[in-house]
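The values are calculated or read from the model by the stated rules, or taken from the named source; none is laboratory data. Because the structure is predicted, anything quoted here is derived from the model rather than measured. No Cβ is skipped: glycine too gets one built from the backbone with ideal geometry, and neighbour counts run over all protein chains shown. Surface areas here come from the heavy atoms of the whole protein model, side chains and all, with no ligands, DNA or RNA. Shrake-Rupley method; radii C 1.70, N 1.55, O 1.52, S 1.80 Å.
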Amino acid sequence: MKSIYTYYKERLIEISGKNRSLYLKNFNKKNGYDVGRILSSNAELTQEFLDILLSGKAVPFNIYGKGMKDLILSANNVASKFPNKKIDDEKERQKYESDKRNFIKKVYEQEGKDLKTLKREIEEIEKEVGRYELYICYPFVYGNVKNYTFKAPLLMFPVEIDVIDDNNINLCLKYGEQIQLNKALMLAIANVKHLDLQDMEMEFDSIKSKFGSLQGLMDYLRSFGIKLSYKPEKRLQHFGKYGEPSTSSPFEVKNLCLMARCSLANSIYNDYSALEKKHLTNDSINELLNAKPSRKKPVKCNELYLINNVDYAQEQVVKSVNTNGNMVIYGPPGTGKSQTIVNVIADAICKNKRVLVVSQKKAALEVVYNRLSTLNQKAMFLVDAEKEKLDFYNRCYTAHENILNSKYSEKWYKEYDELEKKLDLEIDNLNTISDSLNEKTPFGLSL
(Lines give C-alpha, C1' and ligand atoms only; values in the text may rest on other atoms or scores of the structure.)
Protein backbone atom coordinates (compact mmCIF):
# COMPACT_ATOMS: atom_id res chain seq x y z
CA MET A 1 0.00 0.00 0.00
CA LYS A 2 2.95 2.35 0.60
CA SER A 3 3.54 2.97 -3.11
CA ILE A 4 -0.17 3.70 -3.60
CA TYR A 5 -0.20 6.20 -0.72
CA THR A 6 2.95 7.87 -2.10
CA TYR A 7 1.36 8.13 -5.56
CA TYR A 8 -1.84 9.75 -4.32
CA LYS A 9 0.03 11.95 -1.81
CA GLU A 10 2.25 13.41 -4.52
CA ARG A 11 -0.76 14.10 -6.73
CA LEU A 12 -2.01 16.49 -4.03
CA ILE A 13 1.03 18.75 -4.53
CA GLU A 14 0.59 21.21 -7.36
CA ILE A 15 3.81 21.61 -9.34
CA SER A 16 2.55 24.03 -11.96
CA GLY A 17 3.64 27.66 -12.30
CA LYS A 18 0.55 28.72 -10.33
CA ASN A 19 2.00 27.33 -7.11
CA ARG A 20 3.50 30.21 -5.10
CA SER A 21 5.73 27.69 -3.32
CA LEU A 22 7.59 27.21 -6.63
CA TYR A 23 7.68 30.74 -7.99
CA LEU A 24 6.97 33.54 -5.53
CA LYS A 25 7.03 36.64 -7.69
CA ASN A 26 5.52 39.17 -5.30
CA PHE A 27 3.37 39.50 -2.20
CA ASN A 28 1.21 41.99 -0.33
CA LYS A 29 0.56 42.73 3.35
CA LYS A 30 -2.16 40.06 3.49
CA ASN A 31 0.14 37.21 2.46
CA GLY A 32 3.73 38.21 3.18
CA TYR A 33 6.28 40.26 5.10
CA ASP A 34 9.91 40.74 4.06
CA VAL A 35 11.98 39.86 7.15
CA GLY A 36 15.20 40.20 5.14
CA ARG A 37 14.37 43.82 4.36
CA ILE A 38 14.28 44.64 8.08
CA LEU A 39 17.35 42.63 9.17
CA SER A 40 19.57 43.26 6.13
CA SER A 41 21.58 46.02 7.82
CA ASN A 42 22.36 44.13 11.05
CA ALA A 43 24.49 40.96 10.85
CA GLU A 44 24.31 40.33 14.59
CA LEU A 45 20.50 40.30 14.77
CA THR A 46 20.38 38.28 11.55
CA GLN A 47 22.57 35.59 13.14
CA GLU A 48 20.41 35.55 16.29
CA PHE A 49 17.26 35.15 14.20
CA LEU A 50 18.69 32.39 11.99
CA ASP A 51 20.03 30.50 15.03
CA ILE A 52 16.47 30.36 16.39
CA LEU A 53 15.13 29.09 13.07
CA LEU A 54 17.76 26.45 12.41
CA SER A 55 17.77 25.14 16.00
CA GLY A 56 13.99 24.67 15.88
CA LYS A 57 13.51 26.27 19.30
CA ALA A 58 10.19 27.99 20.05
CA VAL A 59 11.96 31.11 21.37
CA PRO A 60 10.31 34.52 20.73
CA PHE A 61 12.10 37.02 18.50
CA ASN A 62 11.06 40.65 18.75
CA ILE A 63 10.43 41.72 15.14
CA TYR A 64 8.66 44.98 16.08
CA GLY A 65 9.76 46.93 19.15
CA LYS A 66 12.18 49.52 20.51
CA GLY A 67 15.24 47.52 19.54
CA MET A 68 13.98 47.21 15.94
CA LYS A 69 12.88 50.82 15.36
CA ASP A 70 16.13 52.03 13.77
CA LEU A 71 16.26 48.96 11.49
CA ILE A 72 12.65 49.46 10.41
CA LEU A 73 13.26 53.15 9.64
CA SER A 74 16.46 52.28 7.79
CA ALA A 75 14.63 49.62 5.73
CA ASN A 76 12.10 52.27 4.72
CA ASN A 77 14.86 54.74 3.68
CA VAL A 78 13.66 57.41 6.11
CA ALA A 79 17.17 58.89 6.40
CA SER A 80 17.35 59.56 2.65
CA LYS A 81 13.97 61.31 2.65
CA PHE A 82 14.72 63.38 5.75
CA PRO A 83 18.53 63.75 6.01
CA ASN A 84 20.06 65.69 8.87
CA LYS A 85 20.69 69.18 7.58
CA LYS A 86 21.26 72.62 9.02
CA ILE A 87 18.38 75.08 8.54
CA ASP A 88 19.01 78.64 9.69
CA ASP A 89 15.42 79.84 9.70
CA GLU A 90 13.81 78.79 13.02
CA LYS A 91 10.28 78.34 11.65
CA GLU A 92 11.47 76.33 8.68
CA ARG A 93 13.65 74.18 10.94
CA GLN A 94 10.73 73.48 13.34
CA LYS A 95 8.46 72.58 10.43
CA TYR A 96 11.11 70.31 8.95
CA GLU A 97 11.61 68.53 12.30
CA SER A 98 7.83 68.21 12.81
CA ASP A 99 7.33 66.74 9.34
CA LYS A 100 10.20 64.33 9.98
CA ARG A 101 8.74 63.14 13.33
CA ASN A 102 5.30 62.64 11.79
CA PHE A 103 6.76 60.74 8.86
CA ILE A 104 8.84 58.50 11.14
CA LYS A 105 5.79 57.78 13.31
CA LYS A 106 3.64 56.95 10.29
CA VAL A 107 6.27 54.66 8.72
CA TYR A 108 6.96 52.84 11.98
CA GLU A 109 3.28 52.34 12.83
CA GLN A 110 2.59 51.02 9.33
CA GLU A 111 5.05 48.14 9.88
CA GLY A 112 3.11 47.11 12.98
CA LYS A 113 -0.19 47.34 11.08
CA ASP A 114 1.21 45.15 8.28
CA LEU A 115 2.21 42.43 10.76
CA LYS A 116 -1.21 42.57 12.43
CA THR A 117 -2.95 42.40 9.03
CA LEU A 118 -0.96 39.28 8.12
CA LYS A 119 -1.77 37.68 11.49
CA ARG A 120 -5.48 38.44 11.06
CA GLU A 121 -5.52 37.01 7.53
CA ILE A 122 -3.84 33.77 8.65
CA GLU A 123 -6.31 33.34 11.51
CA GLU A 124 -9.28 33.90 9.19
CA ILE A 125 -8.00 31.23 6.79
CA GLU A 126 -7.45 28.85 9.70
CA LYS A 127 -11.05 29.38 10.83
CA GLU A 128 -12.32 28.71 7.33
CA VAL A 129 -10.30 25.65 6.33
CA GLY A 130 -8.77 24.52 9.64
CA ARG A 131 -5.25 24.73 8.20
CA TYR A 132 -2.42 26.96 9.45
CA GLU A 133 -0.35 28.38 6.58
CA LEU A 134 2.16 30.93 7.92
CA TYR A 135 5.85 30.10 7.37
CA ILE A 136 9.24 31.76 7.52
CA CYS A 137 10.61 30.92 4.08
CA TYR A 138 14.41 30.73 4.13
CA PRO A 139 16.66 30.51 2.15
CA PHE A 140 15.40 30.77 -1.45
CA VAL A 141 16.29 28.56 -4.40
CA TYR A 142 16.75 30.81 -7.40
CA GLY A 143 17.43 29.97 -11.03
CA ASN A 144 16.73 27.58 -13.88
CA VAL A 145 16.87 23.81 -14.29
CA LYS A 146 16.26 22.37 -17.76
CA ASN A 147 14.04 25.29 -18.81
CA TYR A 148 12.10 25.29 -15.51
CA THR A 149 12.57 28.52 -13.57
CA PHE A 150 12.30 28.62 -9.78
CA LYS A 151 12.11 31.37 -7.17
CA ALA A 152 11.11 29.24 -4.25
CA PRO A 153 11.78 28.78 -0.53
CA LEU A 154 14.00 25.82 0.31
CA LEU A 155 12.94 25.50 3.95
CA MET A 156 9.63 26.45 5.52
CA PHE A 157 9.48 27.16 9.25
CA PRO A 158 5.94 27.24 10.72
CA VAL A 159 5.76 30.45 12.74
CA GLU A 160 3.26 32.46 14.79
CA ILE A 161 2.90 36.23 15.14
CA ASP A 162 2.40 37.19 18.78
CA VAL A 163 1.10 40.72 19.34
CA ILE A 164 2.24 41.60 22.88
CA ASP A 165 0.97 45.19 22.75
CA ASP A 166 0.88 48.14 20.33
CA ASN A 167 4.64 48.55 20.60
CA ASN A 168 5.86 44.93 20.67
CA ILE A 169 5.30 42.07 18.25
CA ASN A 170 7.17 38.75 18.45
CA LEU A 171 7.75 35.91 16.02
CA CYS A 172 7.94 32.39 17.40
CA LEU A 173 8.25 28.96 15.80
CA LYS A 174 4.91 27.16 16.11
CA TYR A 175 5.09 24.70 18.99
CA GLY A 176 4.73 21.05 18.01
CA GLU A 177 5.19 21.72 14.27
CA GLN A 178 8.15 20.50 12.25
CA ILE A 179 10.45 22.37 9.89
CA GLN A 180 9.76 21.30 6.31
CA LEU A 181 11.64 21.07 3.08
CA ASN A 182 9.58 22.66 0.34
CA LYS A 183 7.84 19.49 -0.87
CA ALA A 184 6.53 21.13 -4.04
CA LEU A 185 10.05 22.23 -4.97
CA MET A 186 11.58 18.81 -4.25
CA LEU A 187 8.91 17.04 -6.31
CA ALA A 188 9.22 19.52 -9.19
CA ILE A 189 13.02 19.10 -9.35
CA ALA A 190 12.63 15.32 -9.12
CA ASN A 191 10.22 15.35 -12.07
CA VAL A 192 12.49 17.56 -14.16
CA LYS A 193 15.67 15.58 -13.42
CA HIS A 194 14.02 12.14 -13.10
CA LEU A 195 15.20 11.60 -9.53
CA ASP A 196 13.98 9.10 -6.93
CA LEU A 197 13.24 10.92 -3.65
CA GLN A 198 11.21 8.18 -2.00
CA ASP A 199 13.67 7.83 0.92
CA MET A 200 14.28 11.56 1.38
CA GLU A 201 13.26 12.99 4.75
CA MET A 202 11.35 16.25 4.34
CA GLU A 203 10.38 17.16 7.91
CA PHE A 204 12.74 17.88 10.79
CA ASP A 205 12.66 19.06 14.39
CA SER A 206 15.92 20.96 13.92
CA ILE A 207 18.22 21.64 10.98
CA LYS A 208 21.22 22.00 13.29
CA SER A 209 20.72 18.70 15.12
CA LYS A 210 19.94 16.84 11.88
CA PHE A 211 22.54 18.31 9.49
CA GLY A 212 24.74 20.57 11.62
CA SER A 213 24.30 23.54 9.29
CA LEU A 214 22.75 24.64 6.01
CA GLN A 215 25.85 23.30 4.25
CA GLY A 216 25.08 19.89 5.77
CA LEU A 217 21.57 20.13 4.31
CA MET A 218 23.04 20.97 0.89
CA ASP A 219 25.24 17.86 1.11
CA TYR A 220 22.16 15.79 2.01
CA LEU A 221 20.27 17.09 -1.03
CA ARG A 222 23.31 16.45 -3.22
CA SER A 223 23.20 12.76 -2.19
CA PHE A 224 19.79 12.57 -3.91
CA GLY A 225 21.01 14.35 -7.06
CA ILE A 226 19.84 17.88 -6.17
CA LYS A 227 22.87 20.14 -6.57
CA LEU A 228 22.57 23.71 -5.34
CA SER A 229 25.26 26.39 -5.44
CA TYR A 230 25.50 27.73 -1.89
CA LYS A 231 27.74 30.40 -0.32
CA PRO A 232 27.13 31.24 3.38
CA GLU A 233 26.33 34.92 3.99
CA LYS A 234 26.21 36.87 7.25
CA ARG A 235 23.47 39.24 6.12
CA LEU A 236 19.98 38.69 4.79
CA GLN A 237 18.90 40.54 1.64
CA HIS A 238 15.62 42.26 0.86
CA PHE A 239 13.31 40.22 -1.35
CA GLY A 240 13.69 42.35 -4.48
CA LYS A 241 17.50 42.37 -4.37
CA TYR A 242 18.04 39.94 -7.27
CA GLY A 243 15.01 40.69 -9.44
CA GLU A 244 13.42 37.84 -11.37
CA PRO A 245 15.41 34.78 -12.51
CA SER A 246 15.74 34.08 -16.22
CA THR A 247 16.30 30.93 -18.26
CA SER A 248 20.05 31.61 -18.06
CA SER A 249 20.13 32.10 -14.25
CA PRO A 250 22.35 29.58 -12.40
CA PHE A 251 20.60 27.26 -9.92
CA GLU A 252 21.70 28.62 -6.55
CA VAL A 253 20.68 29.55 -3.02
CA LYS A 254 19.95 33.17 -2.14
CA ASN A 255 19.96 34.56 1.40
CA LEU A 256 16.36 35.81 1.24
CA CYS A 257 13.94 35.50 4.15
CA LEU A 258 10.22 36.05 3.79
CA MET A 259 7.36 35.44 6.20
CA ALA A 260 4.58 34.31 3.90
CA ARG A 261 1.30 32.50 3.65
CA CYS A 262 2.01 29.27 1.77
CA SER A 263 -0.11 26.23 1.12
CA LEU A 264 2.26 23.30 0.74
CA ALA A 265 -0.40 20.80 -0.29
CA ASN A 266 -4.01 19.78 0.00
CA SER A 267 -5.14 19.19 3.61
CA ILE A 268 -5.40 15.45 2.96
CA TYR A 269 -1.64 15.30 2.29
CA ASN A 270 -0.81 14.81 5.99
CA ASP A 271 -3.33 11.97 6.21
CA TYR A 272 -1.68 10.15 3.31
CA SER A 273 1.71 10.73 4.95
CA ALA A 274 0.50 9.12 8.18
CA LEU A 275 -0.95 6.13 6.28
CA GLU A 276 2.28 5.80 4.31
CA LYS A 277 4.59 5.90 7.34
CA LYS A 278 2.54 3.52 9.49
CA HIS A 279 1.47 1.18 6.65
CA LEU A 280 -2.15 1.50 7.73
CA THR A 281 -5.05 0.05 5.78
CA ASN A 282 -8.53 -1.43 6.22
CA ASP A 283 -11.36 -2.84 4.12
CA SER A 284 -12.65 0.59 3.13
CA ILE A 285 -9.24 1.78 1.92
CA ASN A 286 -8.62 -1.45 0.01
CA GLU A 287 -11.99 -1.16 -1.67
CA LEU A 288 -11.39 2.47 -2.61
CA LEU A 289 -7.72 2.41 -3.71
CA ASN A 290 -7.15 -1.23 -4.66
CA ALA A 291 -10.63 -2.01 -6.03
CA LYS A 292 -10.80 -5.00 -3.68
CA PRO A 293 -14.31 -6.00 -2.56
CA SER A 294 -15.05 -5.68 1.15
CA ARG A 295 -15.00 -8.84 3.25
CA LYS A 296 -17.90 -7.61 5.34
CA LYS A 297 -21.24 -9.29 4.81
CA PRO A 298 -24.15 -6.97 3.91
CA VAL A 299 -26.46 -6.25 6.83
CA LYS A 300 -30.15 -5.80 6.14
CA CYS A 301 -31.95 -3.17 8.18
CA ASN A 302 -35.52 -2.19 7.44
CA GLU A 303 -35.91 0.58 10.02
CA LEU A 304 -34.63 4.09 9.25
CA TYR A 305 -34.47 6.88 11.81
CA LEU A 306 -34.45 10.21 9.96
CA ILE A 307 -34.60 13.73 11.39
CA ASN A 308 -34.83 15.78 8.17
CA ASN A 309 -36.98 15.55 5.06
CA VAL A 310 -35.54 13.33 2.35
CA ASP A 311 -36.40 12.67 -1.27
CA TYR A 312 -36.31 9.20 -2.79
CA ALA A 313 -32.62 9.31 -3.77
CA GLN A 314 -31.54 10.54 -0.33
CA GLU A 315 -33.56 7.84 1.42
CA GLN A 316 -31.93 5.20 -0.79
CA VAL A 317 -28.51 6.50 0.26
CA VAL A 318 -29.31 6.00 3.96
CA LYS A 319 -30.62 2.50 3.21
CA SER A 320 -27.50 1.68 1.18
CA VAL A 321 -25.20 2.82 3.97
CA ASN A 322 -26.97 0.40 6.29
CA THR A 323 -26.68 -2.41 3.76
CA ASN A 324 -23.28 -1.92 2.15
CA GLY A 325 -21.16 0.20 4.50
CA ASN A 326 -18.85 1.86 1.96
CA MET A 327 -20.22 4.49 -0.41
CA VAL A 328 -19.17 7.52 -2.42
CA ILE A 329 -21.87 10.16 -2.84
CA TYR A 330 -21.29 13.06 -5.20
CA GLY A 331 -23.32 15.88 -6.63
CA PRO A 332 -23.24 19.60 -7.40
CA PRO A 333 -24.09 22.25 -4.75
CA GLY A 334 -27.67 22.24 -3.53
CA THR A 335 -28.42 18.59 -4.23
CA GLY A 336 -28.75 17.72 -0.53
CA LYS A 337 -25.45 16.05 0.35
CA SER A 338 -25.28 17.70 3.79
CA GLN A 339 -28.96 16.88 4.42
CA THR A 340 -28.25 13.25 3.58
CA ILE A 341 -25.16 13.15 5.81
CA VAL A 342 -27.21 14.47 8.75
CA ASN A 343 -29.79 11.71 8.27
CA VAL A 344 -27.05 9.06 8.00
CA ILE A 345 -25.63 10.34 11.31
CA ALA A 346 -29.05 10.40 13.03
CA ASP A 347 -29.87 6.89 11.82
CA ALA A 348 -26.51 5.57 13.03
CA ILE A 349 -26.84 7.19 16.47
CA CYS A 350 -30.30 5.68 16.94
CA LYS A 351 -28.71 2.29 16.21
CA ASN A 352 -26.01 2.81 18.87
CA LYS A 353 -23.23 3.33 16.34
CA ARG A 354 -20.29 5.74 16.57
CA VAL A 355 -19.84 8.30 13.79
CA LEU A 356 -16.76 10.28 12.71
CA VAL A 357 -17.34 13.18 10.29
CA VAL A 358 -14.26 14.77 8.68
CA SER A 359 -13.95 17.56 6.14
CA GLN A 360 -11.27 19.67 4.50
CA LYS A 361 -13.33 22.79 5.29
CA LYS A 362 -14.52 23.88 8.70
CA ALA A 363 -17.58 25.55 7.12
CA ALA A 364 -18.84 22.18 5.85
CA LEU A 365 -18.58 20.70 9.36
CA GLU A 366 -20.47 23.66 10.80
CA VAL A 367 -23.36 23.06 8.35
CA VAL A 368 -23.67 19.42 9.43
CA TYR A 369 -23.25 20.28 13.12
CA ASN A 370 -25.99 22.93 13.01
CA ARG A 371 -28.43 20.77 11.04
CA LEU A 372 -28.16 18.05 13.65
CA SER A 373 -30.15 20.42 15.87
CA THR A 374 -30.43 19.05 19.45
CA LEU A 375 -28.57 15.88 18.40
CA ASN A 376 -25.37 17.95 18.24
CA GLN A 377 -25.30 17.72 22.03
CA LYS A 378 -23.92 14.24 21.42
CA ALA A 379 -21.22 15.57 19.07
CA MET A 380 -17.68 16.82 19.59
CA PHE A 381 -16.69 19.59 17.18
CA LEU A 382 -12.88 19.71 16.82
CA VAL A 383 -10.77 21.88 14.52
CA ASP A 384 -7.32 21.70 16.13
CA ALA A 385 -6.64 18.65 18.29
CA GLU A 386 -3.67 20.34 19.98
CA LYS A 387 -5.36 23.64 20.78
CA GLU A 388 -8.67 22.13 21.85
CA LYS A 389 -7.51 19.33 24.16
CA LEU A 390 -8.86 20.92 27.35
CA ASP A 391 -12.14 21.85 25.69
CA PHE A 392 -12.44 18.31 24.31
CA TYR A 393 -12.00 16.69 27.74
CA ASN A 394 -14.45 19.14 29.33
CA ARG A 395 -17.09 18.29 26.74
CA CYS A 396 -16.42 14.56 27.18
CA TYR A 397 -16.99 14.97 30.90
CA THR A 398 -20.19 16.99 30.37
CA ALA A 399 -21.54 14.48 27.83
CA HIS A 400 -20.78 11.60 30.19
CA GLU A 401 -22.58 13.34 33.07
CA ASN A 402 -25.60 14.06 30.88
CA ILE A 403 -25.85 10.41 29.85
CA LEU A 404 -25.64 9.24 33.46
CA ASN A 405 -28.36 11.68 34.49
CA SER A 406 -30.67 11.03 31.53
CA LYS A 407 -33.58 8.61 31.55
CA TYR A 408 -33.59 6.08 28.76
CA SER A 409 -36.81 4.35 27.71
CA GLU A 410 -37.63 1.75 25.10
CA LYS A 411 -41.05 3.36 24.69
CA TRP A 412 -39.50 6.05 22.45
CA TYR A 413 -38.49 3.41 19.93
CA LYS A 414 -41.93 1.74 20.18
CA GLU A 415 -43.70 5.06 19.65
CA TYR A 416 -41.45 5.83 16.69
CA ASP A 417 -42.09 2.37 15.16
CA GLU A 418 -45.88 2.65 15.66
CA LEU A 419 -45.95 6.09 14.05
CA GLU A 420 -43.79 4.84 11.17
CA LYS A 421 -46.20 1.93 10.57
CA LYS A 422 -49.14 4.34 10.45
CA LEU A 423 -47.33 6.54 7.97
CA ASP A 424 -46.39 3.52 5.82
CA LEU A 425 -50.04 2.43 5.80
CA GLU A 426 -51.14 5.91 4.72
CA ILE A 427 -48.50 5.90 1.97
CA ASP A 428 -49.73 2.49 0.75
CA ASN A 429 -53.32 3.80 0.63
CA LEU A 430 -52.23 6.89 -1.29
CA ASN A 431 -50.24 4.75 -3.73
CA THR A 432 -53.29 2.53 -4.30
CA ILE A 433 -55.44 5.58 -5.03
CA SER A 434 -52.77 7.02 -7.31
CA ASP A 435 -52.44 3.75 -9.22
CA SER A 436 -56.24 3.51 -9.60
CA LEU A 437 -56.43 7.05 -10.97
CA ASN A 438 -53.56 6.68 -13.40
CA GLU A 439 -53.91 3.06 -14.61
CA LYS A 440 -55.36 2.88 -18.12
CA THR A 441 -58.71 1.15 -18.55
CA PRO A 442 -59.42 -1.35 -21.38
CA PHE A 443 -60.69 1.67 -23.36
CA GLY A 444 -57.23 3.27 -23.28
CA LEU A 445 -58.05 6.09 -20.87
CA SER A 446 -57.30 6.51 -17.16
CA LEU A 447 -59.68 7.87 -14.54
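List of remarks:
- Taking the numbered list (1) closer than 15 Å to Leu154 by Cα; (2) in contact with a helix residue (DSSP H, G or I) (Cβ under 6 Å, 6 or more places away or on another chain); (3) surrounded by fewer than 12 Cβ atoms within 10 Å (Cβ to Cβ) in turn, Lys234 passes all entries but (1).
- Residue within segment 424-440 that is open to solvent by less than 80 Å² (accessible area, probe 1.4 Å), in contact (Cβ under 8 Å) with a residue 60 or more places away in the chain, closer than 19 Å to Ile307 by Cα and of a type outside the set (Ser, Thr, Tyr) present: no
- When each of Ala313, Ala363, Ala379, Ala348 is tested for being of a type in the set (A, V, I, L, M, F, W, C) and touching a residue at least 60 places away in the same chain (Cβ under 8 Å), the lone residue that passes is Ala363.
- For beta carbons closer than 9 Å, sequence separation of 6+ or different chains, a first residue in segment 60-78 that is over 24 Å from Leu173 (Cβ atoms) and a second that is of a type in the set (S, T, N, Q) and assigned to a helix (DSSP H, G or I), the qualifying pairs are Asn76/Gln110.
- Verdict on Glu420 being open to solvent by 100 Å² or more (accessible area, probe 1.4 Å) and either more than 19 Å from Ala379 (Cβ to Cβ) or in contact with a Cys (Cβ under 9 Å, 6 or more places away or on another chain) (or both): no
- Residue list for segment 201-253, filter: polar (S, T, N, Q) and under 17 Å from Gln180 (Cα atoms): Ser206, Ser209, Ser213, Gln215
- Some residue of segment 207-221 being open to solvent by 70 Å² or more (accessible area, probe 1.4 Å), farther than 17 Å from Gln47 by Cα and modelled with pLDDT under 90: no
Conditions (1) without any contact (Cβ under 8 Å) to a residue 24 or more places away in the chain; (2) touching an Asp or Glu at 6+ places or on another chain (Cβ under 7 Å); (3) of a type outside the set (Lys, Arg), marked per residue:
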{"residue": "Phe140", "(1), (2), (3)": "no, no, yes"}
{"residue": "Val145", "(1), (2), (3)": "no, no, yes"}
{"residue": "Tyr148", "(1), (2), (3)": "no, no, yes"}
{"residue": "Val163", "(1), (2), (3)": "no, no, yes"}
{"residue": "Lys174", "(1), (2), (3)": "no, yes, no"}
{"residue": "Leu214", "(1), (2), (3)": "no, no, yes"}
{"residue": "Arg222", "(1), (2), (3)": "yes, no, no"}
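- Scanning segment 39-48 for residues that are open to solvent by less than 40 Å² (accessible area, probe 1.4 Å), within 20 Å of Leu173 (Cα to Cα) and in contact (Cβ under 8 Å) with a residue 60 or more places away in the chain yields a count of 2.
- Flag: Gln377 matches the condition of being modelled with pLDDT under 85, over 18 Å from Lys127 (Cα atoms), open to solvent by 70 Å² or more (accessible area, probe 1.4 Å) and among the polar types (S, T, N, Q).
- Test for Asn84: is it under 30 Å from Phe251 (Cβ atoms), assigned to a loop (DSSP other than H, G, I, E, B), without any contact (Cβ under 8 Å) to a residue 24 or more places away in the chain and open to solvent by 80 Å² or more (accessible area, probe 1.4 Å): no
- Qualifying residues in segment 405-417 (those that are assigned to a helix (DSSP H, G or I) and not acidic (Asp, Glu)) - the one least open to solvent (accessible area, probe 1.4 Å): Tyr413
- Elements of type helices (runs of 4 or more DSSP H) in segment 271-357, at least 2 residues being at pLDDT 80 or above, under 18 Å from Leu375 (Cβ atoms) and open to solvent by less than 50 Å² (accessible area, probe 1.4 Å): 312-324, 337-350
- When residues of segment 312-366 are limited to those that are more than 31 Å from the chain's Cα centre (by Cα) and of a type in the set (Lys, Arg), the one farthest from Met380 (Cα to Cα): Lys319
- On inspection, Gly240 fails the criterion of being open to solvent by less than 30 Å² (accessible area, probe 1.4 Å), part of a loop (DSSP other than H, G, I, E, B), at pLDDT 85 or above and not aliphatic (A, V, I, L, M).
- Members of segment 373-382 that are within 26 Å of the chain's Cα centre (by Cα) and not aromatic (Phe, Trp, Tyr): Asn376, Ala379, Met380, Leu382
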